Amino acid sequence: SFVSATGAFELRLPPGSYELLADAPGWAPAQATTAAPSHDVVLVTSEGATLSGRVVSAGDGKPLPYARIVREALGGGASAQPSNAGTVTRDDGTFELRGIPPGPLSITVGAGEFHPRIESGMTAADGAELGPITIALTPLAPGEDPTLELVGIGVGLTVDGDALKVTMVVPGSGAQA
């Protein structure tokens, strides 16, 4: 990781191919670029989309402060997810998630004493305002272990030419059944 106010960077690496990714808080990460070490590379971040909404209890409709909203992210190699991949709700349960890269969007939402939930089916575009959405989390019963609540059938998909390819099936999902 490098931090530079000017955005300039220099890496000295042994021969080979490398995947480079640039990100900044509040901006959509640049598309990953594969380059040989002897070439100049320009990585461009964009405004991305903003998702707004509110997280509430499905039991009584009360807002959930400090619920965590995390963007499901692909790429980045062995690196940690980009710094703008998540946020938390305010005292009134509201949130904004900024810098979402263009394309399909899935988020994981979790809060203490509630079942976590995956929300999907959204598509981001640069400059787009998504939402507001309301996400209702199911409270845990006394002594109950949390289980992941899915919206959809529970598969991961990727584009393969003109077709969709299933890349994963979530254990316990409708797709697995």
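Structure summary
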read-out	value
Residue list for region 141-161, filter: assigned to a loop (DSSP other than H, G, I, E, B) and open to solvent by 40 Å² or more (accessible area, probe 1.4 Å)	Ala141, Pro142, Gly143, Glu144, Asp145, Pro146, Thr147, Leu148, Val151, Gly152, Ile153, Gly161
Of all residues in region 56-109 being among the polar types (S, T, N, Q) and modelled with pLDDT of 85 or more, the one that is farthest from the chain's Cα centre (by Cα)	Ser57
Among residues of region 81-100, those that are open to solvent by 40 Å² or more (accessible area, probe 1.4 Å) and either assigned to a strand (DSSP E or B) or not small (Gly, Ala, Ser) (or both), counted	7
Total residues in region 120-129, condition in a strand (DSSP E or B) and surrounded by fewer than 19 Cβ atoms within 10 Å (Cβ to Cβ)	5
Which numbered condition Ala125 fails, given (1) more than 19 Å from Ala175 (Cα to Cα); (2) at pLDDT below 95; (3) in contact with a Leu (Cβ under 6 Å, 6 or more places away or on another chain)	(3)
Those residues of region 101-119 which are part of a loop (DSSP other than H, G, I, E, B), small (Gly, Ala, Ser) and crowded, with 16+ Cβ neighbours inside 10 Å, in sequence order	Ala111
Single residue of Glu119, Glu113, Glu149 found to be acidic (Asp, Glu), on the phi > 0 side of the Ramachandran plot and touching a residue at least 12 places away in the same chain (Cβ under 8 Å)	Glu113
From Pro132, Pro171, residue being open to solvent by 90 Å² or more (accessible area, probe 1.4 Å) and assigned to a strand (DSSP E or B)	Pro132
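The values are calculated or read from the model by the stated rules, or taken from the named source; none is laboratory data. Every value quoted in this text rests on a predicted model; they were computed, and no experiment measured them. Here the Cβ is made from the backbone with ideal geometry for all residues, glycine too, and neighbour counts use every protein chain on show. Remember, those area values only see protein heavy atoms, side chains included, never the ligands or the DNA or RNA. Shrake-Rupley method; radii C 1.70, N 1.55, O 1.52, S 1.80 Å.
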